[in-house]
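The values are calculated or read from the model by the stated rules, or taken from the named source; none is laboratory data. From a predicted model like this one, the values you see are computed outputs, not experimental measurements. So basically every Cβ, Gly included, is an ideal-geometry build from the backbone, and we count neighbours across all protein chains shown. These accessible areas exclude ligands, DNA and RNA; they are computed on the full protein's heavy atoms, side chains included. Shrake-Rupley method; radii C 1.70, N 1.55, O 1.52, S 1.80 Å.
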Amino acid sequence: MTRPIHWQKSSFSGGGDGDSCVELAALNGEPLLRESDEPDRILPVAPQGLAALLHHLRANRP
């Protein structure tokens with residue numbers, strides 16, 4: 001039996017269940033990203049790549 005993937009929305013999402021959210025989950029310890037408006041399109045990322053992306057986004061906040 002496959003366990004469901006539990007997705008977490010970005011803290012920058014507008015709240016509610018809008019369709020403009022980046023979501024993060026993990027499967028077998030590997031991070032996954034997706035956009036809530038295309039939930040079947042899942043992007044597996046290396047932990048180092050995700051860390052670099054988050055660092056870049058935080059450093060370049062408006």
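Numbers for the structure displayed
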| read-out | value |
| --- | --- |
| ³J(HN,Hα), Karplus 6.51/-1.76/1.60, whole Hz, each residue of region 45-50, x for Gly, Pro | 10, 6, x, 5, x, 5 |
| Most mobile of Ser36, Ser11, Ser20 in a GNM of the chain (Cα contacts under 10 Å) | Ser11 |
| Compactness of the chain, expressed as Rg and Dmax over alpha-carbon positions, Å | 12.5, 44 |
| Accessible-area composition of the chain, carbon plus sulfur, in percent [1.4 Å probe] | 55 percent |
| Solvent exposure ordering (accessible area, 1.4 Å, most first) of Arg3, Arg34 | Arg3, Arg34 |
| Å² of accessible area per residue within the chain, as computed with a 1.4 Å probe and no ligands counted | 85 Å² |
| Net charge contributed by nearby residues that have their C-beta within less than 13 Å of Asp40 (K/R +1, D/E -1) | -2 |
| Helix-derived mean residue ellipticity, 222 nm - over the chain, DSSP H n ≥ 4, -39500 (n - 2.57), to 500 | -6500 deg cm²/dmol |
